[in-house]
Amino acid sequence: MSSNKRLYVGNLNYQTTEDVLRRCFAPFGEVISVNILPRRGYGFVEMAAPEAAEEARLKLNGQELEGRKIIVNEAKPRAERPAESRFGQERRDFRRS
């Protein structure tokens, strides 16, 4: 079992609210935060305990919420973004130190 308490929730109906998502996850334990990205169809739920997050993931993944089968996975930390490239070349920093 992972120690991650943050979950990715995908394939959300665009009309799903944070309150609806909170109520969906609440039976599994205390919900610390809910964040839905507008017009993206996904969001994040943070649970108070890793065990609650794991149980919610196992029981809610593939379940229907507001007409859509949701995807529930552990949230992955943001990776370091490489320097932006343009036209296939790496961006250089010309500032002097």
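Couple of notes before you dig in:
- Whole-Å distance, taken between Cα centres, linking segment 1-28 and segment 32-61: 3 Å
- Pair-distance distribution P(r) for segment 6-74, from all Cα-Cα distances in 5 Å bins starting at 0: 3, 20, 35, 28, 11, 3, 0 percent.
Just so you know, all these numbers are worked out from the coordinates, no wet-lab data involved. What you see is a predicted model, and the numbers here were worked out from it, not measured in a lab.
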